[in-house]
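Everything below concerns the one structure shown next.
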Amino acid sequence: MTLFDCLPDTFLFRDLSEEELQQVASFCTLSHLPRQATVFMEGDKATAFYTVQAGRVKLYKLAPDGTEQILGIFGPGHLVAEAAIFDIGTYPAYCQTLEDSTLIRISGPEFVQLLTDTPAISLKVINGYSRRLRHFVKLVEELTLKDVKTRLAQYLLDHCEETDSGWICPLQETKRELASFLGSTPETLSRTLRHFKDHRLIVEQKDHFVLLNKTGLQTQGS
């Protein structure tokens, strides 16, 4: 697939016309990165932002004691670090691949110039940002107003899919990464998972959870 074919998979560019997509594609490049590759570091000059075409990346901060706090895990179609282009001019966090990944690198200065020169594209981009802002407002609410049991139940419900074997929630990250994403610790996550298993809400398999009682999880997540 060409860059032109890939860009509409990203919510920010979903409303653009073919001509507008061609304009964006003219200053984009594909980057193929191995697992645990650093995409950018906190404090680096923000000369570009990225959209994930394949694989997954994590955005994280480091506390003074070295503790890692995951801000988000992003897969195909997601944008990473676009806000830094317009705001402080440097990356506010670290970004690292979780597996072999393909990213589309979008030049920040050229993108800003396109928005300046083309108001119609600017309006469509603002609409895309609005959708993403609503997502982060929901995430902040979950991290600040809900306990770990509630956050984990909601995560399982949000990421499950119906299969012939029942409702399955794939486990695409490590337990440590999941705990950090939920604003918790691995020990607290393990206790919470044990609670769910003891109450026959879930069964844990090698790379996924089986949701045995969605209604019970919904009660935990309310």
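The values are calculated or read from the model by the stated rules, or taken from the named source; none is laboratory data. Just so it is clear, the structure is predicted and the values come from calculations on it, not from any experiment. Note that each Cβ is placed from the backbone with ideal geometry, even for glycine, and that neighbours are counted across all protein chains shown.
Miscellaneous remarks
- Residue identified as in contact with a Ser or Thr (Cβ under 7 Å, 6 or more places away or on another chain) and either in the same structural domain as Gln23 (by TED's automatic domain parsing) or at pLDDT 90 or above (or both) among Arg134, Arg105: Arg105
- Criterion: surrounded by fewer than 16 Cβ atoms within 10 Å (Cβ to Cβ) and assigned to a loop (DSSP other than H, G, I, E, B) - qualifying residue of Pro109, Pro92: Pro92
- Tally, over the range 50-88, of residues that are within 17 Å of Cys28 (Cα to Cα), in contact with a helix residue (DSSP H, G or I) (Cβ under 7 Å, 6 or more places away or on another chain) and in a strand (DSSP E or B): 2
- Any hit, the range 162-178, residues being part of a helix (DSSP H, G or I), exposed (fewer than 12 other Cβ atoms within 10 Å of the Cβ) and either among the aliphatic types (A, V, I, L, M) or at pLDDT 90 or above (or both): no
- Qualifying residue in the range 16-31 (condition: more than 17 Å from Phe111 (Cβ to Cβ) and either assigned by TED's automatic domain parsing to the domain that holds Leu178 or touching a strand residue (DSSP E or B) at 6+ places or on another chain (Cβ under 8 Å) (or both)): no
- Single residue of Lys146, Lys214 found to be modelled with pLDDT under 85 and farther than 30 Å from Leu21 by Cα: Lys146
- Once the range 13-50 is narrowed to residues that are of a type in the set (A, V, I, L, M) and in contact with a Lys or Arg (Cβ under 8 Å, 6 or more places away or on another chain), the residue that is surrounded by the fewest Cβ atoms within 10 Å (Cβ to Cβ) is Leu30.
- Of the residues making up the range 183-222, those that are under 29 Å from Tyr60 (Cα atoms), without any contact (Cβ under 8 Å) to a residue 40 or more places away in the chain and in a helix (DSSP H, G or I) are Pro186, Glu187, Ser190, Arg191, Arg194.
- Candidate set from the range 201-215 (those that are more than 21 Å from Thr97 (Cα to Cα) and out of contact with any helix residue (DSSP H, G or I) (no Cβ under 8 Å at 6 or more places or on another chain)); member that is surrounded by the fewest Cβ atoms within 10 Å (Cβ to Cβ): Lys206
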